[in-house]
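Below you'll find the structure, written out as structure tokens, and then a few comments.
Every read-out reported here was derived from the displayed coordinates using simple, explicitly stated rules and does not represent laboratory data. Source: prediction; values computed, not measured. All Cβ positions, glycine included, derive from the backbone under ideal geometry; neighbour counts span all protein chains shown.
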Amino acid sequence: MPEPGKNVLEVRDLEVEFRTDTGITNALTGVSFDVPRGEVTAIVGESGSGKSVTANCIMRIIQPPGKIAGGSIRFDPSDLDAFDVVSLGPKDDRLYDLRGGHISMVFQEPMTALSPVYTVGNQVSEAILCHRDVSEEVAWREAAEMLELVGITDTERRMHMYPFEFSGGMRQRVVIAMALVCNPEVLICDEPTTALDVTIQAEILTLIRELQQRLNNSVIFITHDLGVVAQLADHVVVMYQGRVLEIGSVRQVLKAPVHPYTKGLLAAIPGLAKKGERLETIASVVGDDDISTPHPLVTLKDGRQVSLPAESLGDLL
Ligand SMILES: Nc1ncnc2c1ncn2[C@@H]1O[C@H](COP(=O)(O)OP(=O)(O)OP(=O)(O)O)[C@@H](O)[C@H]1O
Ligand SMILES: [Mg+2]
């Protein structure tokens, strides 16, 4: 088997459309970015920019009336040959292994991932049994270990409790444990702390970072909060209206943004991007021409990519 490459995922020219009564909405247009292995890639952008749709494409959970209309997502797991997630047929075994096995997802609201009628211990061990051929005893033991790893104390007793007996922060810890039990190569977190109190948010972010460093998996972290990006991510993908406007290291993008939209996003932090609040109106602080005209991504000499006309980039090229 070939050595796995530097990028665990390579998204190329991804197109997603939603067909509704009023016509076709292009939710994603020509979205391309890499997810480097063993690092944290943040996708940032205001509400409706296409962050969740992008994540759902990687998991292949886009539901009608949405549809992937073009592009590819090359997934390069360390234990299998690389394949294109977009072109997998609905009955391909790799699709089942992908969801919750190779790639897991943590959503904003923990109760969407948890069932109210089963105990926490049952749900975490079930996540193990779904993807691995081990006995119930082994699954229970491993579930307990994983719950301890995510900071749940008094595990044996708590595993017999139901999610409603847990606080919001503890539930999100359980969801993270469920997402990690199969040792996924990629963990996608879609605004996992937005529904939590500020202090709990900070704890969960620290937890995600610590687990990523310990388990060495690749993380895609979706957020509209650039403060969180600075704290957590290695790379940043900036999205707006279903397109990618800028890609670079955290340092590049946060310290010296090139695209006017990214600059606007940063300038707007104190006013608009308070933790837990949504960014809605960056376009109003940026010249509309800069962001409404699509340009292909251009690679600059420092390696970052930006969607601007080449002639405007001068000696950055
Ligand atoms: N079920 C749907 N039906 C029709 N259009 C949809 C649907 N889901 C998403 N879209 C379209 O895709 C776009 C991107 O949605 P997406 O959920 O990815 O935004 P987001 O960046 O995750 O926003 P948020 O920060 O609010 O979660 C939306 O603006 C909308 O046009
Ligand atoms: Mg979303």
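Rg/Rh for the stretch 197-250 to two decimals, with Rh computed the Kirkwood way over all alpha-carbon pairs.
Numbers: Rg = 12.3 Å, Rh = 12.3 Å.
Here Rg/Rh amounts to 1.00.
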Worksheet, complete the sentence: Checking T223, T112, T193 against a Gaussian network model of the chain (alpha-carbon springs below 10 Å), the top fluctuating residue turns out to be T112
Item to complete: Return the distance in nm (one decimal) between the two label points of a simple spin-label model at V117 and K255, each offset 7 Å from Cα along Cα→Cβ.
Response: 5.5 nm
Worksheet item: Could you give the angle, 0 to 90 degrees to the nearest 10, between helix 136-149's Cα long axis and the longest principal axis of the Cα atoms of the chain?
Response: 50 degrees
Worksheet item: Taking Cα atoms, how many degrees apart are the long axis of helix 198-215 and the longest axis of the chain, rounded to 10 and kept between 0 and 90?
Response: 80 degrees
Worksheet item: Roughly how many debye, to the nearest 20, is the charge dipole of the stretch 154-223 about its Cα centre, given +1 on each Lys and Arg Cβ, -1 on each Asp and Glu Cβ, and no other charges?
Response: 120 debye
Practice prompt. Report, in debye and to the nearest 20, how large the dipole of the chain comes out about its Cα centre when Lys and Arg carry +1 and Asp and Glu carry -1 on their Cβ.
Written response: 360 debye
Item to complete: Indicate, rounded to the nearest 5 percent, the antiparallel portion of the DSSP beta bridges found entirely in the chain.
Response: 60 percent
Worksheet item: So what are the radius of gyration and Dmax for the Cα set of the stretch 55-193, in Å?
Response: 15.9, 49
Worksheet entry | On Cα atoms only, tilt of 120-131 relative to the major axis of the chain in degrees | 70 degrees
Worksheet item: In the chain, what is the count of Lys pairs whose alpha carbons are under 26 Å apart, counting only pairs at least 8 residues apart or on separate chains?
Response: 16
Fill in: Isotropic mean projected area of the C-alpha convex hull, the chain (nm²)
17.6 nm²
Worksheet item: Put a dot 7 Å past each Cα toward the Cβ at R157 and I24; how far apart are the dots in nm?
Response: 5.9 nm
